[in-house]
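One structure below.
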Amino acid sequence: MKMIALFILLASTLAFSQIPNGDFETWNSDGPSGWATPNAPMLPQLVTQSSNAKTGSFAVQGEVVQWSPGLVVAPFIQSGDDASGFPYTQRPVKFTGNYILNPSGGDRLSVSVLLMKNGELVGIAARTYSSTTQTYLPLEVPFQYMNDDTPDTCVVTISIIGPVSGSDYHLGTTFLVDDLKFSDSPVAVEDELNNPKVFSLMQNYPNPFNPSTVIRFNLQASGMVELGIFNAAGEKVAELVNGQMDSGNHEVSFNAQNLPSGTYFYRLTSGNITETRKMLLLK
């Protein structure tokens, strides 16, 4: 009986740790295996391999870099070679890992994990980190579930976003991330108090895009919501949402068929909270 109980415990533990290459030990020419990145041939690399690992031999490093005059690009990693995530059929309590952050200009490390079923959201774990750290700190993000469904897909996105009061990110910001896992251990009390409901604006997918992309966000309360698209000069080029919305998770499609290639910002405002992210249209 003891052996059977031990086997069940081990099987349960393994079930919550199946993030493909979550320890970033395997790499290819584009970045960590099983992850999509914004890296492009003949351009400075945003996502690179680092030997400064929490455990094992390697971690993933991201850095805000300048691709061309006036074009500063932020790093991100998104699970799946094509950024579409990976098969996953569990309902973990939280998402864990380790991180180091050296922000410039108030930049933040954004973590979002979407659990989906047939393309619909089942659960979300989302949090931003802003404090400078020279050594690895624990990354723990509790899940909030929208229904009782069992997911079939998980999409993990880790990226650099700009400061709360700004619309851009800054050269010199770097992060290291290692040992990403799922956990069914209890959530700390302070996590529940600090995140009774989640407000988050996720990185658009795909990014870069041509000409359509999807923007997902979660509202912590019902109320008036604005979601606008702005060009690099700060001019509004599209208004996707302007009206009353319920709390919970939402997604909006944006088609840039009539816009030129370039850098654009999308800004979400709900109550007294505003989040802005950058996206890249490449035609």
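Overview of values
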| read-out | value |
| --- | --- |
| Residues (within 18 Å of Ser110 (Cα to Cα), modelled with pLDDT under 95 and of a type in the set (S, T, N, Q)) located in the range 20-75 | Thr37 |
| Condition met for Gly97 (of a type outside the set (S, T, N, Q), surrounded by fewer than 17 Cβ atoms within 10 Å (Cβ to Cβ), at pLDDT 95 or above and over 28 Å from Met42 (Cβ atoms)) | no |
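The values are calculated or read from the model by the stated rules, or taken from the named source; none is laboratory data. As the structure is a computational prediction, the values presented were derived from the model and not from experiment. Neighbour counts are summed over all protein chains in view; Cβ atoms, including those assigned to glycine, are modelled from backbone coordinates with ideal geometry.
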